[in-house]
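**Q** Before I ask anything, let me first share the structure, which is written out below as structure tokens.
We did not get these values from a lab; they are worked out from the coordinates using the rules stated. For clarity, every value in this text was computed on a predicted model and none was experimentally measured. Here the Cβ positions follow ideal geometry from the backbone for every residue, glycine too, while neighbour counts run over all protein chains shown.
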Ligand code: GAL
């Protein structure tokens, strides 16, 4: 979602909020919400909450949680990721469960291998980690279609994310399968799962769905209960009866907290998404966030009464295959505490120090009286005291240096002291200490990639397989069912004189190549906006219903215009290659319900302002149909002569057992390539695109986020140059395959290795 609407201040409601907050401030009456069934062989835990915290068996819990998506890392890496997280002071992990990952085809459910959520939860339990499961049905998360299976779009009569029968039927069916997998792992049945989140940030679409939307949200909470998912249910940024509503943001302001607590005086304050930076989109710069700002915000949140926070992401991982949402890069590094490869970063090691200090005192934070004062210097002081012990946090939220007695605090910094005045954590000096202790590991390229062979993807005119013929262009997803990014649209037109020709695609997505008479002449001009506006013209059946003002900003984001220069007089064959960049993650990207998502071409194409008809559509590349990445021998490879667009490349390389057994990470340096797909030993590593990062990021509000410690990598570098190769997918003899859409050879492509000595 966009940040502008995330950080909310509603001063007009503050007074009421304050009165309610004072009345309820020290309410410690625990509300029992769930109790597991008695089973002699299982530890049975009860989960409840009071206004200060989540309780397990009646005991308040400080949740130091990190989000990692099991779908974004190979299964072989899960144990290491969890071990490192424990060592770095987490006592909880959170993960979304992506519906489309577990129902890859309609009515085919898969919870095995890479999709074995039970195994992931077992590993968590073995490490004594609590788990927050964010089970959807809608997730968001920059995942293809926000986690939904793409078949949903084409269910007759469906409207997604509201009280609509065709939608509810599919949700219920999936939840029944999912609940059967999850039940043994609930805390109430002796497992690690203490909280389940349903839906996600519903308030960002609530206006579009009105009463029916609210009814749906309530229905999902009830469905989880009906399916005996009897731990505590939560929601974030959009509440529902029966669930604790949690908050998301880079920071959570005191005004925001006061307002939130006025709505929910007897709920604890839990931060479900603390963003340690941000995700990256093609054509924009990489996002970064200063770790000191994060620690300052955590201590500030604790001081303001928070009792749980979840880093989103703690480990971002990788969008392997075609799992990225529209425009999301293959890397989901997020500048997170564990890097894309799962290794602790400076940020992570620094936060580990914070966790140690906080965890050692969690009982005092949770069970003693909290008093907050604004000192004259501008410093905010919070103390927790139980008569015997005392903890003090000082924070400077201002933009200037503040001094109070012997204490000087830089802007946006914080310190934690114990009863004797001993410094337990300092957001500044602990950072320097971590910096001087960290050991860096370099990437090297010890294995040369050479002897590339090629196979040219045939142009549509040379293809003899079946195609679809129609007067109007047929929308791509209805042909591909999202099983490929590619679809050719072919036609012809006649010019009466030599000269410039104009081609307009009135509604189309995402990235197009225009071929005339078999030759690539031009292509789409990014950067694209992440939020592109409506996918269809308004008519009586499709009246616009905007969920917020931002959705109105971009009304023609799907329009494409191309100029072809010096076209000779006569008849010309036109082939347009449509390439998809992932399905949207949410309504706001297309200013409409997610079932209005479209790819390819779905309205008129004009040549010199005249509509052309009689189209031939060829979904899938021929190389995909032949399954080249798994069946190398299905085509005849030759030595490259000169670069051609739309070419498959292949090479093989060896790794010794010594290398394979070392503790190392692997990546492809894709320098010199344009745009396409990478495959290693039959696994699709992801989409690649060497497009330069020059824009600001998701929107211009990024310029104003310096106060949150956010920054951007230098402009002019590729948004993503390096591509994660999981060690688990490598062996002694390896096959690397590239499908390159543009006019490049892989001469500079390298395999890089980072060894942990
Ligand atoms: C939140 C959303 C997450 C993720 C995050 C940005 O708004 O709930 O799923 O998309 O933004 O990374």
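**Q** Where does each of 397, 176 land when they are ranked from fewest to most other beta-carbon atoms within 10 angstrom?
**A** Details: 397 21, 176 13.
The most exposed by this proxy come first: 176, 397.
**Q** So what is the relative contact order for region 42-360, in percent, with contacts set as C-alpha pairs under 8 Å and at least six apart? Kindly include the intermediate steps, with their values, before the conclusion.
**A** On the way: 640 pairs, mean separation 67.4, N = 319.
21 percent.
**Q** Then there's this: Within 10 Å, count the other beta carbons around each residue, average over each peptide in 261-274, 553-566, 317-330, 349-362, and list them highest first. Don't jump to the answer; show the numbers that get you there.
**A** Working: 261-274: 21.0, 553-566: 15.0, 317-330: 24.4, 349-362: 19.3.
Most protected by this proxy first, the peptides run 317-330, 261-274, 349-362, 553-566.
**Q** Using Cβ counts within 10 Å as a stand-in for footprinting exposure, how do 678, 223 rank, fewest first?
**A** On the way: 678 23, 223 18.
Ascending Cβ contact count within 10 Å gives the list 223, 678.
**Q** Hey, can you rank 632-641, 505-514 by average C-beta count inside 10 Å, highest first? The partial results should precede the final answer.
**A** Values: 632-641: 11.9, 505-514: 22.5.
Going from most to least packed, we get 505-514, 632-641.
**Q** Compute the FRET efficiency between residue 227 and residue 76 as 1/(1 + (r/R0)^6), taking r as their Cβ-Cβ distance and R0 = 35 Å, and round to the nearest 0.05.
**A** Values: r = 31 Å, r/R0 = 0.88.
Efficiency, from the Cβ-Cβ distance: 0.70.
**Q** Let me ask you something else. Compute the long axis of helix 165-182 from its Cα atoms, compare it with the longest principal axis of the Cα atoms of the chain, and write down the angle in degrees, 0 to 90, nearest 10.
**A** The angle comes out at about 60 degrees.
**Q** Return the whole-Å distance between the Cα centroid of region 602-672 and the Cα centroid of region 464-489.
**A** That distance is 18 Å.
**Q** With a/c under 1.5 counting as rounded, go ahead and sort region 42-360 into rounded, prolate or oblate using the C-alpha gyration tensor (a ≥ b ≥ c being the square roots of the eigenvalues; past the cut-off, prolate if a/b is larger than b/c, else oblate). The partial results should precede the final answer.
**A** Values: a/c = 1.31, a/b = 1.17, b/c = 1.12.
It is rounded, given that a/c, with a ≥ b ≥ c, falls under 1.5.
**Q** Using the Cα gyration tensor of region 372-431, with a ≥ b ≥ c the square roots of its eigenvalues, what is the shape: rounded (a/c below 1.5), prolate (a/b larger than b/c) or oblate (neither)?
**A** Values: a/c = 2.23, a/b = 1.43, b/c = 1.56.
Verdict is oblate for region 372-431.
**Q** To continue, here is another question. Where the centre of each part is set by its Cα atoms, how far does region 230-299 sit from region 77-110, in angstrom?
**A** Value for the Cα centre distance between the two parts: 20 Å.
**Q** Just the ratio, please: alpha-carbon radius of gyration of region 461-551 over 2.2 N^0.38 Å, N its number of residues. List each step's numbers first, then the result.
**A** Numbers: Rg = 16.7 Å, N = 91, 2.2 N^0.38 = 12.2 Å.
So region 461-551 has a normalised radius of gyration of 1.37.
**Q** Taking neighbour Cβ counts within 10 Å as the exposure measure, how do 671, 436 sort from fewest upward?
**A** Least to most surrounded, the residues fall as 436, 671.
**Q** Additional query: Kirkwood Rh, the chain, all Cα pairs: how many Å? All intermediate terms of the calculation are to be shown ahead of the outcome.
**A** Values: mean 1/r = 0.0362 Å⁻¹.
Value: 27.6 Å, from the Cα pair sum.
**Q** Quick check on the chain: helices-only [θ] at 222 nm, where DSSP H runs of length 4 and up contribute -39,500 (n - 2.57) each and the sum goes over total residues. Nearest 500, please.
**A** Details: 14 runs with 140 residues, N = 757.
The per-residue figure over the chain is -5500 deg cm²/dmol.
**Q** Further question on the same structure: I'd like the orientation of helix 117-126 relative to the chain: the angle between its Cα long axis and the longest Cα principal axis, in ° from 0 to 90, rounded to 10.
**A** So the inclination is approximately 30 degrees.
**Q** How do the peptides 193-205, 643-655 rank, highest first, by the average count of neighbouring beta carbon atoms within 10 Å per residue?
**A** Values: 193-205: 24.1, 643-655: 18.5.
The densest-packed peptide leads the list: 193-205, 643-655.
**Q** Can you give me the angle between helix 206-226 and the longest principal axis of the chain, using Cα atoms only, in degrees from 0 to 90, rounded to the nearest 10?
**A** On a 0 to 90 degree scale, this one is about 70.
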